[in-house]
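Data block below; observations after.
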């Protein structure tokens with residue numbers, strides 16, 4: 001038994017645990033190590049795939065179920081296995097998604113459009129449109145013809161992602177509403193120029209219920225900085241946003257911590273946990 005036994009911290013990555021474009025600070029690493037050594041559980045919650053997250057969190061003592069694809073996957077980091085997936089598509093009832101993707105390719109010729117399955121990131125838009133972040137990521141991705149992904153019974157989609165100018169994404173959202181796919185999904189901005197769809201009622205926050213099933217009685221402290229973190233902060237026992245979080249996210253949080261650049265996780269371990 002340690003002083004943090006019975007407590008869990010689950011953290012978003014970009015803008016929360018990691019300054020955007022940066023790396024996890026030694027101060028945050030030391031605080032997380034101390035938290036776990038004293039009985040705490042630590043997990044991450046991200047829109048990334050497990051493979052993509054691995055390059056950022058290497059060496060961290062992640063010892064609790066973690067959330068990927070913005071809530072579409074729960075993953076056991078220790079055993080390296082998927083616990084649960086909640087697909088965006090699951091067969092004939094969602095055949096609208098390939099139709100929407102084809103229409104988006106036509107109407108938004110500058111967009112980078114990505115279909116995420118449990119195994120891969122499939123870029124269905126032209127290579128010239130690729131998100132500039134891709135070469136710096138720690139995961140494999142490939143350009144795939146949309147026609148190879150239309151059998152959603154065989155290849156369920158976990159997430160559909162668009163990167164484009166914000167003014168284009170506003171029209172993209174209108175198209176999703178017009179075609180009826182928005183009703184089938186949870187759609188949200190994860191950055192000003194990123195818009196994502198996961199399954200209806202799926203979010204980082206919805207996965208906390210499944211984490212509680214895995215770890216009965218655990219007190220969950222969640223931290224995040226952007227709109228896709230709002231449900232997680234609300235569902236946690238204690239929600240924390242960094243000082244430089246999105247204003248709407250700070251409204252959800254129970255506590256406002258320091259700026260991400262000032263080692264937010266170290267602040268949480270010292271002041272909240």
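Nothing in this text is a laboratory measurement; each read-out follows from the coordinates by a stated rule. Only a predicted model underlies this, so the values are computations on that prediction, with no experimental measurement involved. Ideal geometry is used to build each Cβ from the backbone, glycine not excepted, and the neighbour counts take in all protein chains shown.
Summary of values
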| read-out | value |
| --- | --- |
| Calculated SAXS-style log₁₀ I(q)/I(0) at q = 0.15, 0.24 Å⁻¹ - the stretch 1-71, Debye, Cα scatterers | -0.46, -1.11 |
| Label-point gap, in nm, between residue 105 and residue 143 - each point 7 angstrom along Cα→Cβ | 1.2 |
| Degrees separating the helix 166-179 axis from the principal Cα axis of the chain, which is the longest one | 70 |
| Once the Cα gyration tensor of the stretch 92-199 is diagonalised, semi-axes √(5λ) in Å | 19, 18, 13 |
| Convex hull volume per residue in cubic angstrom - Cα atoms of the stretch 233-273 | 54 |
| Principal-axis tilt of helix 96-107 within the chain, Cα atoms, nearest 10 degrees | 70 |
| Helical mean residue ellipticity (222 nm; -39500 (n - 2.57) per DSSP H run of 4+; nearest 500) of the chain | -7500 deg cm²/dmol |
| Alpha carbon centroid spacing (whole Å) that separates the stretch 161-198 from the stretch 199-264 | 22 |
| Cα-only Debye scattering, the stretch 71-151: base-10 log of I(q)/I(0) at q = 0.16, 0.21, 0.24, 0.27 Å⁻¹ | -0.72, -1.09, -1.24, -1.34 |
| Order of 256, 62 - criterion: other Cβ atoms within 10 Å of each residue's Cβ, fewest first | 256, 62 |
| Mean projection area, nm², convex hull over Cα of the chain | 13.4 |
| For the stretch 134-273: span of alpha carbons on each principal axis (Å, largest first) | 51, 36, 32 |
| Most fluctuating residue given options 210, 160, 68, as computed from a GNM of the chain linking Cα atoms under 10 Å | 210 |
